[in-house]
Amino acid sequence: MQIQRGMAAFVSGAGSGIGRGMALQLAARGVAVGVVDIRLDDARETVALIEAAGGRAVAVQADVSDQAAVDAAADAVESALGPVRIACNNAGVAMHGVPLHEIALKDWDWVIGVNVYGVIHGIRTFVPRMLAQGVPCHIVNTASIGGFQVNPNFLTAAYSMTKFAAVALSEGLQQELSGTSVGVSVLAPAAVDTGIHLSARARPDRLGGAYVRPENHFMGDLIKDGAKPEDIGAMVVAAIEAGEFYIFPHPETWHWLAARHDRIRAGFDRSIAGYGLPKAAE
Ligand SMILES: NC(=O)c1ccc[n+]([C@@H]2O[C@H](COP(=O)([O-])OP(=O)(O)OC[C@H]3O[C@@H](n4cnc5c(N)ncnc54)[C@H](O)[C@@H]3O)[C@@H](O)[C@H]2O)c1
């Protein structure tokens with residue numbers, strides 16, 4: 001889809017990190033950006049950055065784990081900026097550093113609520129609106145390279161599970177929307193220098209409110225030398241224009257996926273060999 005000046009975009013989690021990077025890059029292309037975040041002050045800061053660079057944006061508070069809040073945020077963005085042509089379901093939180101059996105149920109609710117339902121809610125809100133517009137539109141879901149491989153080093157399976165879901169939702173959405181005017185991409189970065197290690201600052205009140213989650217803090221060291229959010233935003237803009245589905249900002253991580261695929265292939269080799277069981281009589 002060709003990005004044109006005056007189009008409107010909705011970017012969730014745009015008060016920080018990758019969402020802010022996407023918002024800044026879209027605004028630099030003349031797109032008016034709905035900067036949506038559960039932390040309104042941070043969203044306002046992004047708007048100030050966009051405006052200082054000569055762009056147009058509006059800050060809207062919403063918790064993406066709440067469907068009504070996403071609908072209301074979409075209404076607010078559309079009444080301020082016009083019909084949304086680009087929706088980036090990007091808000092997400094970390095849930096690293098604790099083995100699966102020790103993660104509290106309220107933390108499961110939180111990470112699934114934001115990382116999975118956040119994407120589902122964005123799809124439910126924007127697909128009907130975009131199809132009704134009948135002009136080229138695009139949805140970008142932020143997953144992670146963790147949506148393709150469970151990193152063995154960081155007790156990251158709960159987070160990865162949500163990102164596998166984001167990948168599956170995106171692949172299915174693209175299948176369902178093929179032949180329509182709505183394109184789909186899924187963003188799958190490795191380390192990006194953001195505030196993700198401080199995710200607990202943004203836990204919704206209805207799921208317990210902001211807190212300190214030291215188990216995530218080790219990630220701060222891992223990501224500080226990672227990619228810069230604005231560079232990720234530039235890749236997203238390029239992918240929207242090129243109609244690219246998979247956006248992999250870290251090409252070197254292919255080896256992680258290849259190792260996983262090799263293991264799956266070995267499982268099929270055992271299947272092909274019949275698991276050593278006697279062959280059924282012909
Ligand atoms: N940083 C990385 O290394 C990395 C790698 C792969 C994928 N990601 C993904 O990128 C996305 C953005 O994360 P980031 O790294 O920029 O982190 P970040 O913490 O800097 O930004 C996330 C933003 O989302 C907002 N947010 C959190 N919960 C919300 C909710 N319920 N409703 C609305 N907004 C909410 C936060 O307030 C914050 O502004 C996430 O989906 C994350 O999983 C990040």
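Among helices (runs of 4 or more DSSP H) lying entirely in the range 67-141, which contain 2 or more residues that are more than 15 Å from the ligand (Cβ to nearest atom) and either more than 13 Å from the chain's Cα centre (by Cα) or without any contact (Cβ under 8 Å) to a residue 40 or more places away in the chain (or both)?
67-81, 117-133
With 220, 183 as the choices, which residue is away from the ligand (no atom under 14 Å from the Cβ) and not polar (S, T, N, Q)?
On inspection, the qualifying residue turns out to be 183.
Tell me, yes or no, whether the range 206-217 has at least one residue that is surrounded by 14 or more Cβ atoms within 10 Å (Cβ to Cβ), farther than 25 Å from residue 61 by Cβ and either within 13 Å of the ligand (Cβ to nearest atom) or of a type in the set (Val, Ile, Thr) (or both).
Yes, there is a match, as at least one residue in the range 206-217 is surrounded by 14 or more Cβ atoms within 10 Å (Cβ to Cβ), farther than 25 Å from residue 61 by Cβ and either within 13 Å of the ligand (Cβ to nearest atom) or of a type in the set (Val, Ile, Thr) (or both).
Could you tell me whether the range 46-53 includes any residue that is in contact with a Leu (Cβ under 7 Å, 6 or more places away or on another chain) and either surrounded by fewer than 18 Cβ atoms within 10 Å (Cβ to Cβ) or part of a loop (DSSP other than H, G, I, E, B) (or both)?
So far as the range 46-53 goes, yes, one or more of its residues are in contact with a Leu (Cβ under 7 Å, 6 or more places away or on another chain) and either surrounded by fewer than 18 Cβ atoms within 10 Å (Cβ to Cβ) or part of a loop (DSSP other than H, G, I, E, B) (or both).
Which of the residues that make up the range 225-282 are part of a loop (DSSP other than H, G, I, E, B) and within 19 Å of residue 26 (Cα to Cα)?
Residues satisfying the conditions are 228, 243, 244, 245, 248, 249.
Mind listing whichever residues of the range 1-23 are surrounded by fewer than 24 Cβ atoms within 10 Å (Cβ to Cβ) and away from the ligand (no atom under 12 Å from the Cβ)?
Listed by number, the residues that qualify are 1, 2, 3, 4, 5, 6, 8.
Of the residues that make up the range 65-75, is at least one at positive phi and surrounded by fewer than 18 Cβ atoms within 10 Å (Cβ to Cβ)?
The answer is no, given that none of the residues of the range 65-75 is at positive phi and surrounded by fewer than 18 Cβ atoms within 10 Å (Cβ to Cβ).
Pairs, please: C-beta under 7 Å, at least 6 apart or cross-chain, first residue under 13 Å from residue 19 (Cα atoms) and in contact (Cβ under 8 Å) with a residue 60 or more places away in the chain and in the range 38-50, second assigned to a helix (DSSP H, G or I) and within 10 Å of the ligand (Cβ to nearest atom)?
38/202; 39/202
Taking only pairs six or more apart or across chains, which ones have beta-carbon atoms under 6 Å, a first residue in the range 177-191 that is over 24 Å from residue 133 (Cα atoms), and a second residue that is of a type in the set (Phe, Trp, Tyr) and surrounded by fewer than 22 Cβ atoms within 10 Å (Cβ to Cβ)?
Partner pairs satisfying both residue conditions: 188/248.
Take the conditions of a type in the set (Gly, Ala, Ser), within 12 Å of the ligand (Cβ to nearest atom) and either over 20 Å from residue 12 (Cα atoms) or over 14 Å from the mean Cα position of the chain (by Cα) (or both) and apply them to residue 202. Does it pass?
yes
Quick note: the coordinates plus some simple rules give every number you see, no bench work behind them. Keep in mind the model is a prediction, meaning the values are calculated, not measured. Please note: Cβ atoms are built from the backbone with ideal geometry, for glycine as well, and neighbour counts cover all protein chains shown.
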